[in-house]
Amino acid sequence: MHFSRYIVRRLGYSIFVLIGLSIVVFIIARLVPGDPARAALGPRATQEAVEALRAKLHLDKPIYVQYFFWLRSVFQGDFGESLYTRRPVVEDIKEFLPATLELALFAGLFMAVFGLLLGIVSARYANTWVDNCIRVLAYIGIATPAFVVAIILILLFGMYYEVFPTIGRLSPGIAAPPRFTGLMTLDSLLSGNWRAFFDALKHLFLPALSLSLGGLFQEARITRASMLENAKRDFVSAARAYGIPERVVVSKYLFKPSIIPTVSILGLDFASLIGNAFLVELLFNWPGLSRYGINVMLRKDIEAIVAVVMVLGVVFTVVNILVDLVVAYLDPRIRLVERGE
Amino acid sequence: MRRTRLGRWWYKFSRNPLSVVGLVIVAFIVFCAIFAPWVAPYPEHAGPYVNYGEANKPPSLTHPFGTDVFGRDVLSRVFFAFRSSLLMGVVVLAIVVPVGVTLGLLAGYFKESWIDILIMRITDIFLSVPPLILALAITSVLKPNLTNAMIAVSVMWWPWYTRLVYGMATSLRNEYFVQSAELIGASKFHILFREILPNCVSTILTKMTLDMGWVILIGAALSFVGLGEQPPKPALGTMVADGAKYLPEYWWISVFPGLAIMLIVLGFNLLGDGIGDLFSLEEA
Amino acid sequence: MQDVLLDVQDLVVHFRVYGGYLKVLDGVTLQVRSQERVGLVGETGCGKTTTMKTIMGILPQPPGVIRGGRIFFRGQNVLAMRPQELERLRRSGISMIFQDPTAALNPVFTIGEQLEDAIRYALGRTDHASIRERAIETLRSVALPDPLRILESYPVQLSGGMRQRVCIALALASPKELLIADEPGTSLDVTIQDQILRLIHRLAEDRKMAVILISHSLGVIREWTERVYVMYAGTIVEEAVTQELFAQPLHPYTKALIACVPKLTGEGIAEGIPGRIPDYFEPPSGCRFHPRCPYALDICRKEKPKLFAVCENHRVACFLFGEENR
Amino acid sequence: MKELLMVENLQKFFTTSRGVVKAVHRVSFAIYPGETFGLVGESGSGKSTVAYMVMGMYRPTAGRILFKGQDITMPHTRRPLALKKDLQIVFQDPGSSLNPRRSIGEILELPLRVHRLVDTRRIRERIEELLSIVELPPEYAEKYPRALGGGEKQMVAIARALSTEPSLLVLDEPTSALDVSIQAKIISTLVRIQRERNLGYLFITHDLSLMRNIAHRVAIMYLGRIMELASARVFFEKPLHPYTKMLLSSIPVVSEEEEKLKPARVFSTGEIPSPIDLPPGCVFHPRCPEVREVCREREPEMVEVEPGHLVRCHAVSSGS
């Protein structure tokens, strides 16, 4: 009952924030020096043609009217046309978004699962050599930018040992599965194409690893810290005092409250993951929305830039909502206690 | 008095060897950046220098990090690149911290008033998109150069300070010492900057140290895609990106600048954690 | 009645901190006979809780270090017990109610989940229906209304008084011989505290349990215990039958403490005890109370006084009394 | 004697997401110069809310507060500086009432500067004087709060409150977080200061035994209402309200003489209801051992059973 109200409130606020984001992005897009209509038509177009296009694009009206027209067309599924690909931006997004989602999904999974595991091991063997190794590794892992990790991985695995492919989503010899979701692994599973599935997985491995490494170690650190912190709490001593066996105390009474901070920070780590995807996709030639984003940015393809930022903003918001819901599910204090006076 | 306090700080700080490592790394980088013209073996290679005869040489005694496609010494360029990296970190933080902290103090102190709602809603909007993406978008729309990269990073970085200080200020405003100051009749300025702010300083300083690393990293990411410092001036991100094109053969062109970025971030991270520990020990 | 259930001898516990040790417990000695209600009274930070956690075998080590002493429960050496034996001890021997009920309940599990676990492991039951039944029964025994609803609740959904009762239920999920109650109801209002203390008293009588009642409130100790230990800075300074202690306190600290309690008779307020409790990093030599004691002698600075039996029911650790009888 | 503080029909409702909290309901009392007025109650009784309204930290929903005859019902942000000087407070938690980042000297300096009380050159001197009032040595001005014990911190908070020479001091459970040996010290200092300066105290506490020893008059609150108000002697010797009796009989005491002063044992039952869902009729009726039919239906009015002794109870008002 309370929980559903929590969800509704959370969703409502996200919609507000996304509308706010669209205003910010729209304003930034209009900061571009020069006339978009002139830029679109080229220097040799007549003044009348430029004026006509300005009118068509509502560029002759005040900025809030422009925003209104823009928002209306967005709701109609129209993000305008890309100067770079010369087709509707929506088409581009449909084509490139799934690849980025697939990559982010795998990297996120990697980050959460292995981050948690490393953190637990580190806390379990706190202040031993195992813990010290993990902590030093974590420092280095967190400090290394994803694109540098990517370069090192490409160097080590891809080019010297050729275990994992470093370019694209599928090997050239393998036919792509029919497109249902756009997620290569899922599509190949759905069509029963095991060869394509394993090939797609192999292609995913290195980019996903380079994207997840920083967040993974961040998660490990948080998990370790919160487990050690909670171990000192009264409720853990109390569980022991009630005669509950040590194994249960640790795996249940200590574990569950300790993973709450780990889950909470997933949203933040996912943000840097999506951001880094821009560089990593470029290096692995991954045909995703982020690589597309870089290309349109370098060409000042305004409509496409706005669309990419908005779409990734939505993706990020959805991930944050999911993270918040999981946290609220784990932590009754959030879902049951209403804030306010 | 002062000396003994400094001495005690140093004693506590130096108990964690990792913090000392961080300090040494940061000191080394700052030194190299300031004295780059004297430390770098080939200072003239930091500019538009070309010598195809020396191009693509692997690491050796004369060129410890090898040379790039134009025959420039990578080590020298790394030293000079530290300059723009550190400059970026310092300038961005100098813009972002006063703005973010002041907004956070105001919103937190005037909680549930229109000031809070306005500031925090705007903050949430800026935090609703991954920082690097917004920074990339802003820089791409403007003219790509170091100044605009700094502006772009600043635009998306202040909300982190606002949110951090907001959280602290909302709880500090309920502390009895703040209420006492109000009831005595102290000015709002006094309450915000003399009563509340000093209690946030240790957290802010810790975050600033850590953020030096992260801002430099974002700067490197921008220059990696060509939206930062423009060639021929050296920038770590640009060097990594350029080298990436010649990857297996001339690996040193991109790997060494990449490791340099890692070293900067690592140094500031270790130092920041050390400072954070120091404050929490002091306050315990 | 005379058989000793718990026997603690010269317990010394230190805490490792940055740069040295906090020498918190400095030779704590106390006995509890079966079905006896014993009080342990002392001010904040005097080591009451540390003593009890050590007895329960739940002292966090590190930072805690047991430097000396013995603890016997029913003649068995608690300090030498293996982890499984300690678990068995806590399931059927001693249980503890923690000072702050909010901190002692795990915030992310329902009361039912926590209580059923305690029952499952303490009684070795596996049948879910019978565990549930027992849980409901236990909640009824601590006078909690609507046990079914409480089983489904999380700690945040309960009031302070209810949380305290839940903690008692958890501690008494299985039969125990000794219950340690650390400041029960201190965080609650007087009327609610009164209910909680009555409940503990009734449960102890019904179940023939011994109770160690820890409190900083002399009034609570006087009303609810038979025998009392007064603790100051990690040492037992006085031990007596409760009536006797309040009728004729001997140790200067006990006297001063009783004088500080505001009385209903309205005779005014004492001046307080000068100074503060010692720094455990470098505690005073000899008697730990000597820097604050108006009667301090030379010997108090040098030697640590031992508990000395003034009469059968009254022992005191003070040279003012020991010397006369040397 | 002229009243220092008059509180008339004070009400405070808080609107929360769960409903309206009726924290304070028609509270009236007066405090005279040199008097300690004890406002006693359990948690949720609204005693601190009353104190905070007097200080202007909450705006009353209804009612009036008069200070030396002047209406001060407005929030503290609108109060003149001279009024703030005359009305000071000491808070409950000594840990949070001193800014950990400011030295004791800086803390005591603030009120002197804000109110321009002494010449800049004499500030130092005045700080030492203030410290000596609360029996702290002058070198404490250099120290930071973390170097002080809980009792010493509270002493500094008292010195700060006294620095503006107020005529009314609100004491919001100033010793409830401290041990009795430290409480005794603070209370005796407060009593001495009152005698020296003819200060009025509004003393908020849950500790009835403490009130017996220092209050001149006592009011007991339950769920936002004053249930009984009388001079301290009458209050403790002839309590009339069943709630007062229940509270007094629940107090654990340390001597036989005290035991004799307690009313016949009234076992407390039930929990304090939430101030959002107040019981109908008399708010105390669900826990009252002397409950009657009328108590469930109608809220009793405050009745003056003898001069200066007010009780809100059907049993008392119909019996007399």
Open item on the list: What's the total number of residues in the range A:223-239 that are farther than 20 Å from A:Tyr125 by Cβ, charged (D, E, K, R) and part of a helix (DSSP H, G or I)?
Closed with: 1
- [ ] Write out, first by first residue and then by second, each pair whose Cβ atoms fall under 9 Å of each other, whose residues are 6+ apart or on separate chains, and whose first residue, in the range D:295-319, is assigned to a helix (DSSP H, G or I) while the second is basic (Lys, Arg) and surrounded by fewer than 19 Cβ atoms within 10 Å (Cβ to Cβ).
- [x] D:His314/D:Arg292; D:His314/D:Arg298; D:Ala315/D:Arg292; D:Ser318/D:Arg292
Open item on the list: For the range C:184-202: of the residues being away from chain D (no Cβ under 11 Å) and buried (at least 20 other Cβ atoms within 10 Å of the Cβ), which is farthest from the chain's Cα centre (by Cα)?
Closed with: C:Ile200
- [ ] Quickly run through the range D:68-109 and pick out the residues that are in a strand (DSSP E or B) and without any contact (Cβ under 8 Å) to a residue 40 or more places away in the chain.
- [x] D:Gln70, D:Asp71
- [ ] Note down all Cβ pairs under 6 Å where the first residue falls in the range C:105-134 and is on the phi > 0 side of the Ramachandran plot, the second is at pLDDT below 90, and they're at least six residues apart or on different chains.
- [x] none
TODO: Run down A:Ala104, A:Ala40, A:Ala52, A:Ala112 and say which single residue is touching a helix residue (DSSP H, G or I) at 6+ places or on another chain (Cβ under 7 Å), modelled with pLDDT under 85 and not polar (S, T, N, Q).
DONE: A:Ala40
Open item on the list: Testing B:Tyr161 on (1) in contact (Cβ under 8 Å) with a residue 40 or more places away in the chain; (2) under 25 Å from B:Ile115 (Cβ atoms); (3) surrounded by fewer than 24 Cβ atoms within 10 Å (Cβ to Cβ), one condition comes back false. Which one is that?
Closed with: (3)
Open item on the list: Take C:Gly112 and tell me if it is modelled with pLDDT under 90 and either more than 21 Å from the chain's Cα centre (by Cα) or surrounded by 15 or more Cβ atoms within 10 Å (Cβ to Cβ) (or both).
Closed with: no
Open item on the list: When you scan the range D:269-285, do you find a residue that is facing chain C (nearest Cβ under 9 Å), out of contact with any Asp or Glu (no Cβ under 9 Å at 6 or more places or on another chain) and either surrounded by 24 or more Cβ atoms within 10 Å (Cβ to Cβ) or not in a loop (DSSP other than H, G, I, E, B) (or both), even just one?
Closed with: no
Task: Cβ pairs under 8 Å, 6+ apart, first in the range C:76-87 and closer than 20 Å to C:Thr51 by Cβ, second among the small types (Gly, Ala, Ser) - done: C:Val78/C:Gly57; C:Leu79/C:Gly69; C:Met81/C:Gly57; C:Leu86/C:Gly57
Task: Selection within the range D:214-243 - assigned to a helix (DSSP H, G or I) and crowded, with 24+ Cβ neighbours inside 10 Å - done: D:Phe235, D:Pro242, D:Tyr243
Open item on the list: When you scan the range C:34-49, do you find a residue that is away from every other protein chain (no Cβ under 14 Å), part of a helix (DSSP H, G or I) and aliphatic (A, V, I, L, M), even just one?
Closed with: no
TODO: Kindly indicate whether D:Gly63 is on the phi > 0 side of the Ramachandran plot and touching a residue at least 60 places away in the same chain (Cβ under 8 Å).
DONE: no
Open item on the list: Could you check the range D:53-76 and list, in sequence order, the residues that are surrounded by 18 or more Cβ atoms within 10 Å (Cβ to Cβ), of a type outside the set (Ser, Thr, Tyr) and over 16 Å from D:Tyr32 (Cα atoms)?
Closed with: D:Met53, D:Met55, D:Gly56, D:Pro60, D:Gly63, D:Ile72, D:His76
TODO: Could you tell me which residue of the range A:172-195 is surrounded by the fewest Cβ atoms within 10 Å (Cβ to Cβ), considering only residues that are of a type in the set (Gly, Ala, Ser) and closer than 19 Å to A:Glu95 by Cα?
DONE: A:Ala175
TODO: Test A:Ala196 against the criterion of being small (Gly, Ala, Ser), part of a helix (DSSP H, G or I) and either away from chain B (no Cβ under 14 Å) or without any contact (Cβ under 8 Å) to a residue 24 or more places away in the chain (or both), and give yes or no.
DONE: yes
TODO: Can you confirm whether the range B:168-178 contains a residue that is within 14 Å of chain A (Cβ to nearest Cβ), in a helix (DSSP H, G or I) and modelled with pLDDT under 95?
DONE: yes
- [ ] Output the residues belonging to the range B:218-238 that are within 11 Å of another protein chain (Cβ to nearest Cβ) and over 23 Å from B:Pro130 (Cα atoms).
- [x] none
- [ ] Tell me which of these A:Lys232 doesn't satisfy, since it passes every other one: (1) basic (Lys, Arg); (2) surrounded by fewer than 24 Cβ atoms within 10 Å (Cβ to Cβ); (3) closer than 25 Å to A:Leu109 by Cβ.
- [x] (3)
Open item on the list: So for the range D:250-258 (the condition being surrounded by fewer than 17 Cβ atoms within 10 Å (Cβ to Cβ), within 21 Å of C:Leu264 (Cα to Cα) and either within 14 Å of another protein chain (Cβ to nearest Cβ) or in contact with a Gly (Cβ under 9 Å, 6 or more places away or on another chain) (or both)), does at least one residue qualify?
Closed with: yes
TODO: Could you please find all residues in the range A:264-319 being at the interface with another protein chain (Cβ under 7 Å from one of its Cβ atoms) and assigned to a loop (DSSP other than H, G, I, E, B)?
DONE: A:Lys300
TODO: Assess whether B:Leu227 counts as being in a loop (DSSP other than H, G, I, E, B) and crowded, with 24+ Cβ neighbours inside 10 Å.
DONE: yes
TODO: Filter the range B:239-258 down to residues that are more than 7 Å from every other protein chain (Cβ to nearest Cβ) and assigned to a helix (DSSP H, G or I), then give me how many there are.
DONE: 8
Open item on the list: Conditions first: (1) buried (at least 21 other Cβ atoms within 10 Å of the Cβ); (2) within 12 Å of chain C (Cβ to nearest Cβ). D:Leu202 passes all but one, so which condition is the exception?
Closed with: (2)
Task: Failed condition for C:Gln248, given (1) within 13 Å of chain D (Cβ to nearest Cβ); (2) surrounded by fewer than 24 Cβ atoms within 10 Å (Cβ to Cβ); (3) more than 21 Å from D:Thr175 (Cβ to Cβ); (4) under 20 Å from the mean Cα position of the chain (by Cα) - done: (4)
Open item on the list: Considering only residues that are under 15 Å from B:Phe177 (Cβ atoms) and either more than 12 Å from chain B (Cβ to nearest Cβ) or surrounded by fewer than 21 Cβ atoms within 10 Å (Cβ to Cβ) (or both), which ones fall in the range D:110-149?
Closed with: D:Val114, D:Tyr144, D:Arg146, D:Leu148
Open item on the list: Of the conditions (1) surrounded by fewer than 23 Cβ atoms within 10 Å (Cβ to Cβ); (2) in contact with a Lys or Arg (Cβ under 7 Å, 6 or more places away or on another chain), B:Thr67 satisfies every one except a single condition; which number is it?
Closed with: (1)
Task: Selected residue [at the interface with another protein chain (Cβ under 7 Å from one of its Cβ atoms), outside any helix (DSSP H, G or I), without any contact (Cβ under 8 Å) to a residue 60 or more places away in the chain and charged (D, E, K, R)] from C:Glu267, C:Glu271 - done: C:Glu271
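The values are calculated or read from the model by the stated rules, or taken from the named source; none is laboratory data. Being a predicted model, the structure only gives us computed values, none of them experimental. Cβ atoms come from the backbone with ideal geometry, glycine included; neighbour counts cover every protein chain shown.
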